[in-house]
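K.L.:
Below: one structure in structure tokens.
The values are calculated or read from the model by the stated rules, or taken from the named source; none is laboratory data. Keep in mind the model is a prediction, meaning the values are calculated, not measured. Cβ atoms come from the backbone with ideal geometry, glycine included; neighbour counts cover every protein chain shown. Each accessible area value is taken on the protein alone, full model and side chains, heavy atoms only, with ligands, DNA and RNA left out. Shrake-Rupley method; radii C 1.70, N 1.55, O 1.52, S 1.80 Å.
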Amino acid sequence: MAVVKPKRTGFIGLGNIGKPMALRLAADESIDLRVFDVAPEPVAELVAAGATEAESIGALGNWADVICVMVRDDDQVRSVLGEVLKDLQTRNDFIPVSFVIHSTVAPETPAELVNQVMGVCGFAVEIIDAPVSGGPMGAADGSLAIMVGASSEAFKAVEPVLSVMGTKVIHAGELGSGTKFKLARNLLHFVSFTASAEAARLAEAAGLDIKVLGDVVRHTDAITGGPGAIMHRDTTAPIPEGDFWESVFSHVRALGEKDLGFAIALADKLGVDVPLARLSVDRLGPALGLQGDHDG
């Protein structure tokens, strides 16, 4: 039986999410992990967990098969890649390096990083965008969703490493697709936060306990799936007449418009501004793919 060598993996950026992600890798026998961060404390914690401290970012580039990067922003990602590329030309085993970006960057940044590689080094460096969703809690228990933009070959090369850190690792498409996937997911995330604040203001004005409201929202979203509960169609085009989803979403719209109407009336009575609720009354039906008015 052939002995499978551990995957040589570097991890750069041991912050709130990066550190627990790296700890998952350190605990896995299939991973030979080396880490780098400018702060000594998380590095020491990773070393205690079984990882090795990298002397420098450049040293990781000369050693690793996969380099995972979880730093603050686009500029830091570019800087890290630059450090990797400085010493990469001295590498003599000619094994392609997968440079995996877990940071959420601008949609055009992954392609720009490919140009950065091409302009500096002819050595094979595969840029892969793989932002994550699930926060520190998902990172700690290895249940992150990881959305990957890469060629099929590049995805296969990094999937064993990513699967240690996430229970939902998806190949979103070509380079850049992972980032676009994450931005679409976070659009929903933060618009929902804004709507949550609107609901809290209404509840507070009505004399209700808004912490208990939060408990109820989290409880019921865990049962129903929250906003994602309606995301089952493979298109946003209008629903054809007689389609299965027409009756389902017509019921959703009827309930939604009724309850939004009551909520807006209560807000008006209490003097609470609820612009998202007013917008939603008009846009709920078209958002669901329904055409025309419902019968009430």
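K.L.:
Would you point out which residue out of Leu162, Leu113 is in contact with a helix residue (DSSP H, G or I) (Cβ under 7 Å, 6 or more places away or on another chain) and more than 30 Å from Leu279 (Cβ to Cβ)? Even if it seems obvious, please write down each step before you answer.
P.N.:
Numbers: Leu162 fails: in contact with a helix residue (DSSP H, G or I) (Cβ under 7 Å, 6 or more places away or on another chain).
Every option except Leu113 fails the conditions.
K.L.:
Right, next: Given the criteria hydroxyl-bearing (Ser, Thr, Tyr), exposed (fewer than 15 other Cβ atoms within 10 Å of the Cβ) and assigned to a helix (DSSP H, G or I), does Thr194 qualify?
P.N.:
Working: hydroxyl-bearing (Ser, Thr, Tyr): yes; exposed (fewer than 15 other Cβ atoms within 10 Å of the Cβ): yes; assigned to a helix (DSSP H, G or I): yes.
So Thr194 passes the test.
K.L.:
Going through region 245-274 one residue at a time, which ones are more than 12 Å from Arg201 (Cα to Cα) and open to solvent by 70 Å² or more (accessible area, probe 1.4 Å)?
P.N.:
Residues satisfying the conditions are Ser247, His251, Leu255, Lys258, Asp259, Phe262, Asp268, Lys269.
K.L.:
Which members of region 203-244 meet the condition of being assigned to a helix (DSSP H, G or I), surrounded by 13 or more Cβ atoms within 10 Å (Cβ to Cβ) and among the charged types (D, E, K, R)? Talk me through it step by step, then tell me what you get.
P.N.:
Of region 203-244, the ones assigned to a helix (DSSP H, G or I) are 203-205, 210-224, 226-230, 244.
Those still in the list that are surrounded by 13 or more Cβ atoms within 10 Å (Cβ to Cβ) too: 203-205, 210, 213-214, 217, 221, 226-227, 230.
Scanning region 203-244 gives Glu204, Asp221.
K.L.:
Report whether or not Val97 is more than 22 Å from Thr9 (Cβ to Cβ), of a type in the set (A, V, I, L, M, F, W, C), more than 19 Å from the chain's Cα centre (by Cα) and surrounded by 13 or more Cβ atoms within 10 Å (Cβ to Cβ).
P.N.:
On the way: more than 22 Å from Thr9 (Cβ to Cβ): no; of a type in the set (A, V, I, L, M, F, W, C): yes; more than 19 Å from the chain's Cα centre (by Cα): yes; surrounded by 13 or more Cβ atoms within 10 Å (Cβ to Cβ): yes.
Criteria not met by Val97.
K.L.:
Something else now. Anything in region 253-292 that is touching a helix residue (DSSP H, G or I) at 6+ places or on another chain (Cβ under 7 Å), hydrophobic (A, V, I, L, M, F, W, C) and either without any contact (Cβ under 8 Å) to a residue 60 or more places away in the chain or on the phi > 0 side of the Ramachandran plot (or both)? List them, or say none.
P.N.:
Leu260, Ile264, Val281, Leu284, Leu288, Leu290
K.L.:
Just wondering, is there one or more residues in region 97-111 that are without any contact (Cβ under 8 Å) to a residue 40 or more places away in the chain, touching a strand residue (DSSP E or B) at 6+ places or on another chain (Cβ under 7 Å) and more than 22 Å from Asn62 (Cβ to Cβ)?
P.N.:
There is no residue in region 97-111 that is without any contact (Cβ under 8 Å) to a residue 40 or more places away in the chain, touching a strand residue (DSSP E or B) at 6+ places or on another chain (Cβ under 7 Å) and more than 22 Å from Asn62 (Cβ to Cβ).
K.L.:
Being in contact with an Asp or Glu (Cβ under 9 Å, 6 or more places away or on another chain) and open to solvent by 50 Å² or more (accessible area, probe 1.4 Å) is the filter here; which residues of region 281-293 pass it? Talk me through it step by step, then tell me what you get.
P.N.:
Of all residues in region 281-293, those in contact with an Asp or Glu (Cβ under 9 Å, 6 or more places away or on another chain) come to 281, 284-285, 289-291.
Passing the criteria: only Gln291.
K.L.:
Look at Ala49 and say whether it is touching a helix residue (DSSP H, G or I) at 6+ places or on another chain (Cβ under 7 Å), over 18 Å from Ala130 (Cα atoms) and open to solvent by less than 40 Å² (accessible area, probe 1.4 Å). Break it down stepwise before answering.
P.N.:
Numbers: touching a helix residue (DSSP H, G or I) at 6+ places or on another chain (Cβ under 7 Å): yes; over 18 Å from Ala130 (Cα atoms): yes; open to solvent by less than 40 Å² (accessible area, probe 1.4 Å): no.
No; evaluated as a whole, the condition is false for this residue.
K.L.:
Looking at Lys182, Lys156, which is the one that is at pLDDT 95 or above and buried (at least 19 other Cβ atoms within 10 Å of the Cβ)? Working first, answer last.
P.N.:
Working: Lys156 fails: buried (at least 19 other Cβ atoms within 10 Å of the Cβ).
The unique qualifying residue is Lys182.
K.L.:
Would it be correct to say that Ser151 is hydroxyl-bearing (Ser, Thr, Tyr) and exposed (fewer than 15 other Cβ atoms within 10 Å of the Cβ)? Talk me through it step by step, then tell me what you get.
P.N.:
Working: hydroxyl-bearing (Ser, Thr, Tyr): yes; exposed (fewer than 15 other Cβ atoms within 10 Å of the Cβ): yes.
Judged against the criteria, Ser151 is a match.
K.L.:
Further question: All but one of (1) farther than 24 Å from Arg185 by Cβ; (2) in a loop (DSSP other than H, G, I, E, B); (3) of a type in the set (S, T, N, Q) hold for Ser250; which doesn't?
P.N.:
Checking Ser250 against (1) farther than 24 Å from Arg185 by Cβ; (2) in a loop (DSSP other than H, G, I, E, B); (3) of a type in the set (S, T, N, Q), the one that fails is (2).
K.L.:
Answer yes or no as to whether Lys180 is outside any strand (DSSP E or B), in contact (Cβ under 8 Å) with a residue 12 or more places away in the chain and touching a strand residue (DSSP E or B) at 6+ places or on another chain (Cβ under 8 Å).
P.N.:
On the way: outside any strand (DSSP E or B): yes; in contact (Cβ under 8 Å) with a residue 12 or more places away in the chain: yes; touching a strand residue (DSSP E or B) at 6+ places or on another chain (Cβ under 8 Å): yes.
So Lys180 fits the description; yes.
K.L.:
For Pro131, are the conditions met, namely being touching a residue at least 60 places away in the same chain (Cβ under 8 Å) and either surrounded by 17 or more Cβ atoms within 10 Å (Cβ to Cβ) or more than 28 Å from Asn16 (Cβ to Cβ) (or both)? Spell out how you get there, then give the answer.
P.N.:
On the way: touching a residue at least 60 places away in the same chain (Cβ under 8 Å): no; either surrounded by 17 or more Cβ atoms within 10 Å (Cβ to Cβ) or more than 28 Å from Asn16 (Cβ to Cβ) (or both): yes.
No.
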